[in-house]
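**Student:** Have a look at this one before I ask anything.
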Amino acid sequence: MLRTFCRTSGVLLKRSVPTVPALWATQAQHRWASSLPMNTVVLFVPQQESWVVERMGRFHRILEPGLNFLIPILDKIRYVQSLKEIVIDVPEQSAVSLDNVTLQIDGVLYLRILDPFKASYGVEDPEYAVTQLAQTTMRSELGKLTLDKVFRERETLNTNIVHSINQASDDWGIRCLRYEIKDIHVPPRVKESMQMQVEAERKKRATVLESEGHKEAAINVAEGRKQAQILASEGEKTEQINKAAGEANAVLAKAEAKAKAIRLLSEALAEQNGNAAASLSVAEQYVSAFANLAKESNTILLPSNSGDISGMVTQAMTIYGSLAKQRHTKPLNMGGR
């Protein structure tokens, strides 16, 4: 008998054809709403649905998914609420931005019923109320932004709308999960001006980039010249240092060679027949110097005895002998003091 009764209740449930309220029928984007089932004593509530039951016109309880029992005539299923996430297409609406530009904006609203009791008794049509609240909130938020910021701060705008909706929908048992702006339409003339602004901005960027390129090129050329001058000065400095070091080494080498020559000459003079060798060297130098007369200048100064070579040699040797005598006698005088 129980099986027959369950089959009968199932047939009655199937005969209850789903109907859509007149308000939702005008907007196809609203969710499908099931009709109110009849009280057949034994009821099977689908998953993710809550049935609000009234007893003698007063709220009694909420039926959970699964098997439930009701008292005939006294209990009546008054509301059926879906606990699934609901997607509502917010119709296109006009809004004015902070810089007085009229925009046409539509969006998508995602919400969920958290409290079936508040959703049933807190507002007449919760989805319609949330849709209207989303439209008014969107107009209010758009009025705070300029046109440029509307495009740049869509994420912030969506977040602000969701926050404003949740503040007002807490008493309705509804939670707004997300709000997304689908399309933003601007007037044709404003769109043309925006295109011109974008082109001007791109031309400006191109000009700035070109000038930056010229600037970088000039800086690179200047840096190259600076480095070249620095390297040239460093090379010249190194060259002068090397030249000075070479000249100093040459002077030292000449001085050492001359000292060595003098030392050898003094040793040669100290040997036997050294005076004769010195006389021969002086005579050769005299003859050589006399032969070079009048080669570099037309003016010639000749000594009175230029033809007397032996006299010149004797005079030179006399001078050398006196100097040598002074050199040998000077240390003795200093020692006597």
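The values are calculated or read from the model by the stated rules, or taken from the named source; none is laboratory data. Predicted model, so just to flag it, every value in this text is computed and none were measured. All Cβ positions, glycine included, derive from the backbone under ideal geometry; neighbour counts span all protein chains shown. Just the protein is used for accessible areas: all its heavy atoms, side chains included, with ligands, DNA and RNA removed. Shrake-Rupley method; radii C 1.70, N 1.55, O 1.52, S 1.80 Å.
For every residue, the table says whether it meets (1) open to solvent by less than 70 Å² (accessible area, probe 1.4 Å); (2) within 15 Å of Ala95 (Cα to Cα); (3) not assigned by the TED database to the domain that holds Ile105.
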{"position": "Gln132", "(1), (2), (3)": "yes, yes, no"}
{"position": "Leu147", "(1), (2), (3)": "yes, yes, no"}
{"position": "Gln167", "(1), (2), (3)": "no, no, no"}
{"position": "Trp172", "(1), (2), (3)": "yes, no, no"}
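**Student:** Being hydroxyl-bearing (Ser, Thr, Tyr) and in a helix (DSSP H, G or I) is the filter; apply it to the range 163-217 and report the residue that is farthest from Asp115 (Cα to Cα).
**Tutor:** Out of the qualifying residues, it is Ser211.
**Student:** For the range 82-130: of the residues being at pLDDT below 85 and in a helix (DSSP H, G or I), which is surrounded by the most Cβ atoms within 10 Å (Cβ to Cβ)?
**Tutor:** The extreme case among them is Glu127.
**Student:** Follow-up. Of the residues Leu12, Leu63, Leu23, which is farther than 30 Å from Met138 by Cα and either modelled with pLDDT under 85 or among the charged types (D, E, K, R) (or both)?
**Tutor:** Leu12
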